[in-house]
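All remarks here apply to the structure that follows.
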Amino acid sequence: MTSRVYLPAVAVAAVAAALIGVGVATEWGGTDFAGSVDTLQLVIVGPVSAAALAAILVIERVRPAQRRPLASRGARQDVLYTILHATVGALLITALSLSFEEVLRRAAPWVVLPRMGVVPRGAAIVAIFVAMDACNWFVHLLNHRIRMLWRFHELHHSQEDLNALSVFRTHPLIAVSYLLALIPGVVLLANGALSVTLLVIYGTVVAFAHSNTNLGFGPLGRIVVSPNYHRIHHRLVGAQDVNLGFVLTIWDQLFRRAVFPTPDTVRIDTGLPGRPLRVEQEGPRPRHLASFMAQMVGPFRPMAQPVDLPTVRAERQELVSSGGVRR
Ligand SMILES: [Zn+2]
Ligand SMILES: [Zn+2]
């Protein structure tokens with residue numbers, strides 16, 4: 001069996017199925033499922049998100065990091081991922097989110113804080129926003145550290161033509177790991193909730209960070225993730241477990257994983273060394289659909305031999321042992 005399938009990936013799919021089973025059995029905790037899907041679709045491809053995306057595409061053309069056609073192979077492939085997330089992905093993420101929140105409320109009702117009169121609603125919303133970003137950072141780190149999760153996250157890093165739509169280039173099942181980021185919202189449920197507008201802003205910053213734009217945001221780039229900052233996370237050469245932040249860089253700085261851009265890093269190549277996962281850039285023709293299918297089943301395929309990608313810790317240790325840096 002293990003020679004045909006990578007079993008830990010099947011376990012991730014099983015967790016997703018079990019969660020959704022609970023969601024169905026509890027009727028999504030009384031939440032309107034269709035309404036929740038509509039809200040998520042509004043965040044992913046609603047008019048405001050679409051307008052923001054159009055603006056990013058223009059900025060990409062004006063200040064490109066790498067010169068390439070608008071409809072490059074990689075960008076065309078990411079259109080498929082955008083369609084996937086606006087349809088099946090939105091259904092799956094809604095089902096997982098509602099199920100997870102219901103499990104959390106039932107298993108640990110004490111995590112939901114009561115309404116605290118002294119805490120202004122705005123402060124609670126800021127707290128949810130910042131805590132959610134911290135959780136996303138932590139889950140992203142786990143995606144890089146745990147092989148079972150990396151096999152799903154690998155797809156995101158396989159993009160060699162990084163572009164705004166690469167934000168959607170993720171395996172739908174990786175959403176299981178990011179459910180942790182819903183916890184702050186459940187904890188502070190009685191005190192405030194993130195609006196669609198805030199979620200659209202959050203998503204837009206993350207999409208912009210993936211765009212093929214040469215922008216570092218000046219001094220603001222020390223705090224907010226810019227395209228030049230996030231490209232380093234996708235670099236082909238060197239450790240990729242740096243610059244894991246979604247919107248704020250502070251988590252990377254706190255845990256010594258921030259690598260700030262320099263003129264040398266603005267145009268660096270992105271992707272995975274040795275192409276462990278099939279990519280559309282291979283061969284004379286992109287064969288988008290065949291590549292897409294291969295990328296979807298990729299995590300479930302057995303690994304020929306485990307490849308240990310360079311980590312920032314190993315790189316640091318190497319530098320120290322070679323006398324390159326002082327401690
Ligand atoms: Zn990553
Ligand atoms: Zn990314």
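Site pair Leu180 and Arg106 shows an inter-label distance of 2.4 nm when each label is modelled 7 Å from Cα along Cα→Cβ.
Of the three principal axes defined by the Cα atoms of the chain, the extents in descending order read 53, 51, 45 Å. Label zone (Val297, point 7 Å along Cα-to-C-beta; backbone nitrogen cut-off 16 Å) within region 266-285: 277-279. Surface calculation, 1.4 Å probe, protein heavy atoms: Met293 sits at approximately 110 Å² accessible. Atom-type composition of the exposed protein surface of the chain places 67 percent of the accessible area on carbon and sulfur (1.4 angstrom probe). With all projection directions averaged, the alpha carbon convex hull of region 126-212 covers 5.9 nm².
Think of each Lys and Arg Cβ as +1 and each Asp and Glu Cβ as -1; about the Cα centre, that makes the dipole of region 122-278 roughly 280 debye. In the chain, a dipole from Cβ-located charges (positive for Lys and Arg, negative for Asp and Glu) runs towards its positive end, and of Val118, Ile232, Thr31 it is Ile232 whose Cα lies farthest in that direction. Counting only whole DSSP H helices of the chain, the ones at least 30 Å long by C-alpha along their axis and with mean Kyte-Doolittle hydropathy no lower than 0.5 are 121-145.
Site pair Val10 and Arg121 shows an inter-label distance of 5.0 nm when each label is modelled 7 Å from Cα along Cα→Cβ.
Remark: the chain carries 49 Å² of accessible area per residue (probe radius 1.4 Å; ligands, DNA and RNA excluded).
Each Lys and Arg contributes +1 and each Asp and Glu -1, all at the Cβ; summed about the Cα centre of region 205-314, the dipole is approximately 80 debye. Available extension along the chain between Ala304 and Ala290 is 3.0 nm, counting 0.36 nm per residue and deducting the alpha carbon span. Computed from label points 7 Å out along Cα-Cβ, the spacing between Phe138 and Thr197 is 3.0 nm. Rounded to the nearest 20, the Cβ-based charge dipole of region 1-73 about its Cα centre (Lys and Arg +1, Asp and Glu -1) stands at 740 debye. Centroid-to-centroid, using Cα positions, region 53-128 and region 211-241 are 19 Å apart.
The values are calculated or read from the model by the stated rules, or taken from the named source; none is laboratory data. Note that the structure is predicted; figures quoted are calculated from it, not measured. Cβ sites come from the backbone with ideal geometry, for glycine too, and all protein chains shown count toward neighbours. Quick note on the areas: whole protein, heavy atoms, side chains included, nothing else; ligands and nucleic acids left out. Shrake-Rupley method; radii C 1.70, N 1.55, O 1.52, S 1.80 Å.
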